[in-house]
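Right, one structure below, let's go through it.
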Amino acid sequence: MTVWLLVGGVLLWFGLILLLSELRWFARRPLAERIGPYVPGGMGLRARSGLLSVASFREAVGPLARALGSQFSRLFGVSEDLDRRLRRVHADLDVTEFRVRQIGWALAGFGIGALATVAVRPPPAIAVLLTLGGMLLAFLLLEQQVTAASDRWQRSVHLELPIVAEQIGMLLAAGYSLVGAIDRVARRGRGAVASDLRIVLARIRQGVDETTALEEWAELADVDAVDRFVAVLALNREASDLGRLIAGEARGMRRDVQRELIETIERRGQQVWIPVTVATLAPGVVFIGVPFYSALSGFLG
């Protein structure tokens, strides 16, 4: 009987070890993962995260955060995809990292609102407004920051594109190829268009055709001037006077920017006249209203 108990205990022990070896927190890391970070050439594998590490928490919460963030964004009228906005501004964060951070800020806002509710003890309606309002405010604040950064980037591309187009046109007229002209402008530039062109060059070095890479840039930038400019550059293999076509397109871009500037100046001028008009008419209304009120009071009395 004792021998059978000993054999059963040994078998149970080995079975328990085999079972636990399948669990992430118990299993020993494979040899390839242990020596991976020390492989020369920067090709080492990333170390596997533990059960309670930040990376494992992000992996577990990431899909849920992406789904919830996307639903809330659509609920509040944000229709453009977050990944597209982040890639447009060349953000270091991906969608999962941004959504996890956004959910974390929302939970922090919820906690601050709950603490304020406990400390102040307002009526139930105000308590609900504080807790839910803090959470929504933190969530929408980060969403608005990404949207505002995307809008500023599009505006910068719209304003810089006429100059960049003229530079590319002059380089093409001087004998540069299209890829060579783009490379020179991207290396020497420091603006939004130069940053986008560096991404275009990276795509070309990956084997993508230059026309396809430029069309990808136009689709991501979502600026009408970029669409027209890329359509002209697509004629590189067909037109012999591409520099002249680009120069004409650059002049058109400058006229559009100048027209928008004039509209902005006129709009601001109209906004200035509103307080001036009110300040001019207000004393007259007072001077007319005082005797009228006095006469009306005497008549009623």
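Across region 225-268, the number of residues qualifying as under 33 Å from the mean Cα position of the chain (by Cα) and either over 22 Å from ILE163 (Cα atoms) or aliphatic (A, V, I, L, M) (or both) comes to 19. Condition check: assigned to a loop (DSSP other than H, G, I, E, B), free of Cβ contacts under 8 Å to residues at least 60 places away in the same chain and either exposed (fewer than 15 other Cβ atoms within 10 Å of the Cβ) or among the charged types (D, E, K, R) (or both). Does GLY180 satisfy that? Taking the combined requirement at face value, the residue does not satisfy it. Among the helices (runs of 4 or more DSSP H) confined to region 47-161, the ones with at least 3 residues that are touching a helix residue (DSSP H, G or I) at 6+ places or on another chain (Cβ under 6 Å) and either at pLDDT 85 or above or of a type in the set (S, T, N, Q) (or both) are located at 82-88, 95-120.
So that you can scan it fast, the table gives a plain yes or no per residue for (1) farther than 30 Å from SER79 by Cα; (2) among the hydrophobic types (A, V, I, L, M, F, W, C); (3) at pLDDT 90 or above:
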| residue | (1), (2), (3) |
| --- | --- |
| ALA202 | no, yes, yes |
| GLY207 | yes, no, no |
| THR211 | no, no, no |
| ASP222 | no, no, no |
| ARG237 | yes, no, no |
| SER240 | yes, no, no |
| ILE246 | yes, yes, no |
| GLU266 | yes, no, no |
| THR277 | yes, no, no |
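Among the residues of region 127-139, which ones are within 21 Å of the chain's Cα centre (by Cα) and crowded, with 19+ Cβ neighbours inside 10 Å?
MET135, ALA138, PHE139, listed by residue number.
Taking the condition under 22 Å from the mean Cα position of the chain (by Cα) and either within 18 Å of GLU210 (Cα to Cα) or surrounded by fewer than 21 Cβ atoms within 10 Å (Cβ to Cβ) (or both), does VAL193 pass? In short, yes.
The values are calculated or read from the model by the stated rules, or taken from the named source; none is laboratory data. The structure displayed is predicted, hence computed values, not measured ones. Glycine also receives a Cβ, built like all others from the backbone with ideal geometry; neighbour counts cover every protein chain displayed.
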